[in-house]
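Beneath this line is the structure, given in structure tokens, with notes to follow.
Every number here is computed from the coordinates shown, using simple stated rules; none is lab data. Just so you know, these numbers come straight off a predicted model, no measurement behind them. Here the Cβ is made from the backbone with ideal geometry for all residues, glycine too, and neighbour counts use every protein chain on show.
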Amino acid sequence: MSGPSSPTADVTPDPAAAATAGAGSSAATGEASTAPTDDANTLDNLLAENRTFAPPESLAAKANATAESYQQAADDPEGFWAEQARALSWGRDFGAVVDWSDRPHARWFVGGGLNVAVNCVDRHVEAGHGDRVAIFWEGEPGDSEQITYSDLRVRVAQAANALTELGVSAGDRVAIYLPMIPQAVVAMLACARLGAAHSVVFAGFSAEALRSRISDAQASVVITADGQYRRGQAVNLKDAVDEAVAGADSPVQKVLVVRRTGGEVTWDEGRDVWWHEVVDAQPEQHEAQVFDSEQPLFILYTSGTTGKPKGILHTSGGYLTQAAYTHRVVFDLKPESDVYWCTADIGWVTGHSYIVYGPLANGASQVIYEGTPNTPDESRHWQIIDKYKVSIYYTAPTLIRTFMKWGADIPARFDLSSLRVLGSVGEPINPEAWMWYRVNIGRERCPIVDTWWQTETGAIMISPLPGVTHTKPGSAMTPIPGISAKIVNDEGVPVGHGQGGYLVIDKPWPSMLRTIYGDDQRFVDTYWSRFADQGYYFAGDGAKYDDDGAIWLLGRVDDVMNVSGHRISTTEVESALVSHEAVAEAAVVGAADDMTGQGIVAFVILRGGAVDDGDALVQQLRNHVAKEIGPIAKPKRILVVPELPKTRSGKIMRRLLRDIAENRATGDATTLQDPTVLNLISQGLGGNK
Ligand code: 6R9
């Protein structure tokens, strides 16, 4: 593993040029113990937040977690995790709980064997819960379906048989590009059942994004649909798959297509097969094999600080243990009586861990909704909660802020009395949104769990426990039992209460990523070299302890933006812009945005000869980014400038661009190679919006 002096420019903030993307930047500026100038107001506001809320007594009395578990887990972490692992069904018992001898490569539940799909489905049927509804599925146009655990068992067995017929076997990679329909869950579980790793690609991503992910994972089969419903419209999906497969540097043998919208599709006779033809005809039984605890379960691509997305690899035993455990204690799940709903898409890690693996491993009944929250109108979520008597609701701050904008009178018209626990994930939740959520959705009865974690951590790491922990609006509070995290300064030394720095995880955890698929060196460099001396995992987030030692997350300290809870790298958007013929150079920053957390602002220098015809060009560039990456990465604003501010070593000083994007006086510019460029930029912007 590389030493502390190895190049880590991709994640190590340059003290001068850092603090580009996060909401807070004490860590990034290296001023770990003092509030940074840029964000002093935000920090002061956060730390002046002293409201606390006790867990409701009725919930505390019957909670799945206890206050003692923190100490028990700290005293004997391996014993604690072994106990959590034993809540699963193992086909072959494990020996050592964790092998950390080859750090930073961990192996969990060493030598153990299990089948993840059997744990999520078959064992509930065998335990007599076959008639329990696993999925209350709600389609966007209003169609719906109830799938019991017995139904799910049959569907997964049939899909596993079909995939076998299409040539998939253990160790293969299968790309899944599907909307939020039951087949998405079935497809993931069928891969897991066969020991094949799935790579789910968000169906809102472009053909180009799908192509690069198919190539990187060397997927042999793609599972998709003819189309999907979005905001009341049926839109084609299959075309993007055809384009992606044609350009992919991977031998894709088969494309399995679910008929969802019934729209026209082009068909490749030798390659394409309909789901309803090959899956529905399969036998309803499938013999499941036991796979090693470290069998790859999935690859999920996430934005890094360099252009190429990172294929985060998760394996089986440890991942499932922590996904199931956290789902049980953080949401206080009672599988016999709760109706759980996580509003994420399965294209994101939250959908993997808290729609598919955690809830199903726990035998939960859950709602899965296909569409957007304002179709047919802005009350759709409250209608669904009322209809299915949802008791646990897990969503993202960006959506909560959208609901705030739409108005409290909309949820007020619905019976939300079934709710008992509310969750938040994806980005820091501002205290105003937290309070709005508590008052207008939770009706001041429901604890809010603000859950911090990442694609890389696989499962929740920092969160209150709803029956145990006091909560504060905007704080993720403390690491859950079994997890050890710290806030450290630039030198890796833990900071005290009231101080800020970098968030690190100082002990291995079961659902930790095992590597970056196909690029183990990047795994070591990105996460383990910043604090190599201490052996800490570097999460890339800034954080602060308040005077009670509660943790407040302050956003990214690297060049990753967080737009509506989705990670998008500045470099990725810059590369997309520069790939347009009119653009010579581009710099992208995330600027604070009331609605989406951060909005993407791009500064572009045009090539000689390119004409700045204002709005038309800007629109063209925005569409170009949407085509290259996906609509989610469309810059909110694009500013054409004559120069970009750079340091002597040629690094773009995004911090200064962020000042401009957020309409502030620009901060310290003394390390600029050419201090006059800021004037040039400001003058140039005079005519721009
Ligand atoms: C689960 C997920 C991870 C990044 C993470 C952080 C931000 C997520 C948060 C939060 C503050 C929370 N983040 N949850 N920040 N409070 N409760 O979102 O994974 O897409 O990989 O994003 O999201 O910055 O580093 P992922």
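With contacts taken as Cα pairs under 8 Å and at least 6 residues apart, the stretch 564-685 reaches a relative contact order of 23 percent. Computed from the C-alpha gyration tensor, the three semi-axes of the ellipsoid equivalent to the chain are 37, 31, 26 Å, from longest to shortest. Using θ = phi - 60° in the Karplus curve 6.51 cos²θ - 1.76 cosθ + 1.60, the 3J(HN,Hα) couplings for the stretch 265-279 round to 9, 7, 9, 9, 3, x, 10, 8, 9, 7, 4, 5, 8, 8, 7 Hz; x is entered for Gly and Pro. How would the stretch 564-685 be classified by its alpha-carbon gyration tensor: rounded, prolate or oblate, with rounded meaning a/c under 1.5 and the a/b versus b/c comparison settling the rest? It comes out oblate by the Cα gyration axes.
Would you mind getting me the FRET efficiency between residue 643 and residue 594? Use the beta-carbon distance for r and R0 = 35 Å, nearest 0.05.
Given R0 = 35 Å and the Cβ-Cβ separation, E is 0.70.
Helices in the chain, meaning DSSP H runs of at least 4 residues, each add -39500 (n - 2.57). Divided by all residues, the mean residue ellipticity at 222 nm is -7000 deg cm²/dmol.
Ranked by the mean number of other Cβ atoms within 10 Å per residue, highest first, peptides 136-146, 356-366, 461-471 order as 356-366, 461-471, 136-146.
If you average the sequence gap of Cα pairs under 8 Å that are 6 or more apart and divide by the length of the stretch 121-171, what percent do you get for the contact order? Don't skip to the answer; put the middle values down first.
Numbers: 46 pairs, mean separation 16.7, N = 51.
It rounds to 33 percent for the stretch 121-171.
Centre-to-centre separation between the Cα atoms of the stretch 76-144 and those of the stretch 270-297: 19 Å. Report the net charge of residues surrounding residue 202, where surrounding means a beta-carbon distance below 12 angstrom and charges are Lys +1, Arg +1, Asp -1, Glu -1. Its environment carries a net charge of +1. FRET efficiency for the residue 484 to residue 548 pair, using the beta carbon distance and R₀ = 22 Å, is estimated at 0.75.
Looking at the stretch 564-685, the DSSP beta bridges with both ends there are about 75 percent antiparallel. Between residue 165 and residue 289, the simple label model (points 7 Å from Cα in the Cβ direction) yields a spacing of 2.0 nm.
Long hydrophobic helices in the chain: none of the complete DSSP H runs spans 30 Å or more by Cα along its own axis with mean Kyte-Doolittle hydropathy of at least 1.6.
Just list whichever of 238/634; 254/634; 308/634 have alpha carbons separated by over 26 Å in the model shown. In this structure, 254/634 exceed 26 Å between Cα atoms. Think of the chain as having a plus end and a minus end, set by charges on the Cβ of Lys, Arg, Asp and Glu; of 202, 278, 614, 614 sits farthest toward the positive end of this dipole. Label sites at residue 521 and residue 233, each approximated as a point 7 angstrom past Cα along Cα to Cβ, lie 4.5 nm apart. Annotation: peptides 276-283, 496-503, 554-561, 523-530, ranked by per-residue average of other Cβ atoms within 10 Å with the highest first, follow the order 554-561, 523-530, 496-503, 276-283. Peptides 95-103, 152-160 ranked from most to least packed by the mean count of surrounding Cβ atoms within 10 Å: 152-160, 95-103. Only Cα pairs under 8 Å and 6+ residues apart enter the sum, and on that basis the relative contact order of the chain stands at 17 percent. Treating r as the C-beta distance of residue 75 and residue 613 and R0 as 56 Å, the FRET efficiency rounds to 0.25.
Cross-link reach is defined here as a Cα-Cα straight distance under 23 Å, omitting same-chain residues fewer than 8 places apart; for residue 334 the lysines meeting it are 62, 387, 389. Spin-label model, residue 259 to residue 378: label points 7 Å out along the Cα-to-beta-carbon direction sit 3.9 nm apart. Once each part is reduced to its C-alpha centroid, what is the distance from the stretch 592-643 to the stretch 173-246 in angstrom? Spelled out, the Cα-based centre of one part sits 28 Å from the other.
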